[in-house]
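The block underneath contains the structure these notes are about, expressed in structure tokens.
The values are calculated or read from the model by the stated rules, or taken from the named source; none is laboratory data. None of these values were measured; they are calculated from a predicted model. Reconstructed Cβ throughout: ideal geometry from the backbone, glycine too, with neighbour counts over all protein chains shown.
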Amino acid sequence: MTFERTLHLGKIAGSLFLFGPRMTGKTYLLRQLQPALFIDLLVPETDLSFSRSPVIFWEKLQALDRDSLVIVDEVQRIPVLLDYVQKGIEELGLKFILSGSSARKLKRGGANLLGGRALDLRLYPLTCFEVGKGFKLDMALSYGALPRVVATFLEGKEDDVRRQLTAYGTIYIKEEVQAEALTRNIGAFQRFLSVAAQMNSQTIEFASVARDSSVPMSTVKEYFSILEDTLVGDFLWPWDRSERKKARPKFYFFDCGVVRSLQNRLVDPPTPQEKGFLFETFFYNELKRLRDYHEKPYSLSFWREGNCEVDFLVTGPHGPIMAFECKTSSETITADTLSAFHRRFPQLPLFIASAQDAHPRKLNNGVVVLPWQQALTTFLTDNPRLA
């Protein structure tokens, strides 16, 4: 089973980096492009050959015609190849697509990132729109949206879905963290990963995570940076005009199925409380994917003032433009939160993204409740007030 992806690599002129978490379908997309040269560095013989003698890569490039497409999959494994990529662009007129599941080794190792000669794109798990008619919210909250996982679920093989997700954490530790030597203490990282998964979509207290993981707080911060660099999660920071005052972020894993696997909760359906955290995670990841795929100049944050909080604040080049609060029940925004929010952002559209409503509603306090699908459509519109 295949899915029509929003990201069409064949329509992009010039060279590009394509990064994304494991199992998001990068290699499948790349192989549809029929390049003149495809280098897969996950093949041990290829990896060993270029590691020993990178100049062989340059020799292969010189044999190609001008304007040929070259794809290097898992390029972070041999960063020195990027020097030859730059020569290939400048001297041979070649086009490159360079993919990987982590840019950490490239960034931290001072690798040649081509100085603006290549776009930097991301591939994510499937959006609800890419899944299409087969999409079910309960499926996304329980098992996530990795292409292979979704395809297996739609084939009715739910036990295989659980096996795939259970294996994800092991593969991630072995092939991302251990193979790339991102940390020497794998045991400590595994303890941290379990604790971090339990904190998904919640405000992160680094001291608390350090205590529960039995590692120093400085190590916890480094481990979180590994999760970010390997694209399995990222921080969402509170909105503030002053960057100095931003503190106590939330952390969201990139996929609900993966985080439930790390929490060891795949067997049972989500509890009502867990469903709230998962829906918030799902909605955040959909916002991020749609923003990047549709090239919206938006940044995402959450708003917090005292005990009042709104899940997602969308900010454009000229300031905040809309906000969303996620709800899986009939609960609404408290009067105190609504009052504080409108004092800070007069007239700013504030929507409830509802997991259970099938039709829009306007509450007596003026807040508009939108089915989550319509909330995502509103996010993509140029005028959220009219959506």
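Here region 156-184 is the region considered, the condition is being touching a residue at least 12 places away in the same chain (Cβ under 8 Å) and assigned to a loop (DSSP other than H, G, I, E, B), and the residue that is surrounded by the fewest Cβ atoms within 10 Å (Cβ to Cβ) is 183. Here residue 313 meets each of (1) outside the structural domain of residue 352 (by TED's automatic domain parsing); (2) closer than 17 Å to residue 377 by Cα with one exception, condition (1). Can you confirm whether residue 144 is closer than 22 Å to residue 27 by Cα and at pLDDT 95 or above? Criteria met by residue 144. If you check residue 288 against the conditions, is it touching a residue at least 12 places away in the same chain (Cβ under 8 Å), surrounded by fewer than 17 Cβ atoms within 10 Å (Cβ to Cβ) and in contact with a Leu (Cβ under 9 Å, 6 or more places away or on another chain)? It is false that residue 288 is touching a residue at least 12 places away in the same chain (Cβ under 8 Å), surrounded by fewer than 17 Cβ atoms within 10 Å (Cβ to Cβ) and in contact with a Leu (Cβ under 9 Å, 6 or more places away or on another chain). Take the conditions (1) surrounded by fewer than 21 Cβ atoms within 10 Å (Cβ to Cβ); (2) under 30 Å from residue 150 (Cβ atoms); (3) in contact (Cβ under 8 Å) with a residue 40 or more places away in the chain; residue 32 misses just one of them, which is (3). Of the residues 310, 258, the single one that is crowded, with 18+ Cβ neighbours inside 10 Å and touching a Gly at 6+ places or on another chain (Cβ under 7 Å) is 258.
Residue by residue, here is whether (1) polar (S, T, N, Q); (2) crowded, with 17+ Cβ neighbours inside 10 Å; (3) part of a strand (DSSP E or B); (4) at positive phi holds:
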{"position": "45", "(1), (2), (3), (4)": "no, no, no, no"}
{"position": "59", "(1), (2), (3), (4)": "no, no, no, no"}
{"position": "64", "(1), (2), (3), (4)": "no, yes, no, no"}
{"position": "70", "(1), (2), (3), (4)": "no, yes, yes, no"}
{"position": "84", "(1), (2), (3), (4)": "no, yes, no, no"}
{"position": "91", "(1), (2), (3), (4)": "no, no, no, no"}
{"position": "96", "(1), (2), (3), (4)": "no, yes, yes, no"}
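Residues of region 364-387 that are among the small types (Gly, Ala, Ser) and modelled with pLDDT under 95: 366, 387.
When 199, 217 are checked against the criterion of being touching a residue at least 24 places away in the same chain (Cβ under 8 Å), surrounded by fewer than 23 Cβ atoms within 10 Å (Cβ to Cβ), hydrophobic (A, V, I, L, M, F, W, C) and not assigned by TED's automatic domain parsing to the domain that holds residue 329, a single residue qualifies: 199.
If we scan region 276-293, do we find a residue that is over 23 Å from residue 129 (Cα atoms) and of a type in the set (Gly, Ala, Ser)? No - not one qualifying residue is present in region 276-293.
Only residues that are touching a strand residue (DSSP E or B) at 6+ places or on another chain (Cβ under 7 Å) and among the small types (Gly, Ala, Ser) were counted across region 292-346, and they come to 4. If you take the residues in region 113-140 that are within 18 Å of residue 374 (Cβ to Cβ) and not charged (D, E, K, R), which one is modelled with the lowest pLDDT? The residue in question is 132.
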